[in-house]
1. Among (1) closer than 22 Å to Ser7 by Cα; (2) touching a residue at least 60 places away in the same chain (Cβ under 8 Å); (3) open to solvent by less than 30 Å² (accessible area, probe 1.4 Å), there is one condition Lys144 misses while meeting the rest; what is its number?
2. Suppose we filter the stretch 137-160 for residues that are part of a helix (DSSP H, G or I) and at pLDDT 95 or above; how many remain?
3. List the helices (runs of 4 or more DSSP H) that sit entirely inside the stretch 25-120 and contain at least 3 residues that are open to solvent by 30 Å² or more (accessible area, probe 1.4 Å) and closer than 21 Å to Thr134 by Cβ.
4. Anything in the stretch 1-24 that is open to solvent by 40 Å² or more (accessible area, probe 1.4 Å) and either under 20 Å from Phe94 (Cβ atoms) or β-branched (Val, Ile, Thr) (or both)? List them, or say none.
5. What is the one condition in (1) closer than 30 Å to Arg26 by Cβ; (2) of a type outside the set (Phe, Trp, Tyr); (3) touching a residue at least 12 places away in the same chain (Cβ under 8 Å) that Thr124 does not satisfy?
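The values are calculated or read from the model by the stated rules, or taken from the named source; none is laboratory data. The structure displayed is predicted, hence computed values, not measured ones. For neighbour counting, all protein chains shown are included, and Cβ atoms are generated from backbone atoms with ideal geometry for every residue, glycine included. These area figures cover heavy atoms from the full protein model, side chains too; ligands, DNA and RNA do not enter into them. Shrake-Rupley method; radii C 1.70, N 1.55, O 1.52, S 1.80 Å.
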Amino acid sequence: ETPSRPSLWRGSFSKRERYSVEDVKRVVERARLRGVRVVPEFDTPGHAESWCSGYPGVCPSPTCKTPLDVSKAETFAVLDDVLGDAAKLFPDAFVHLGGDEVDTSCWASTPSIQQWLRARNWTTADAYSYFVSTAAKIARSHQKRPIQWAEVFDEFGATL
């Protein structure tokens, strides 16, 4: 459950596969009592197709849903809200932002994203770098230290 973006629940596989705010609080507290850290992962931009169900504007097109649309401010506004809600629920200093297995062919084939890339003289690799660095900045704005899969660092090294 994401209080600021309730329509994200539309992307769950079933109602039984949803965590409410109260469920998360119970998990985090039980983990704390056992000395276990709970670090949430929001695997963006490549594994967030479910977000399209509730917020279709964050996806490139109805037929090409992943990775999330790097060219739209709405995408980052939703991510900001999600991370803001998570920051209130998960006390750990870290948040995992995913970033792996990003197939940018959808960006390359979506006219609005192609136009956005051309306006910046960017490749899809540049857009991928922009997405993961912007997501990390958003996480830091919520006082969270971002974690990303090794693939992000394999792709960009120390340039991020």
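1. Every condition holds for Lys144 apart from (1).
2. First, the residues of the stretch 137-160 that are part of a helix (DSSP H, G or I): 137-141, 150-159.
Now restrict to residues that are at pLDDT 95 or above: 137-141.
Total satisfying the criteria: 5.
3. In the stretch 25-120, the matching helices (runs of 4 or more DSSP H) lie at 73-89, 111-120.
4. Tyr19
5. Among (1) closer than 30 Å to Arg26 by Cβ; (2) of a type outside the set (Phe, Trp, Tyr); (3) touching a residue at least 12 places away in the same chain (Cβ under 8 Å), Thr124 violates only (1).
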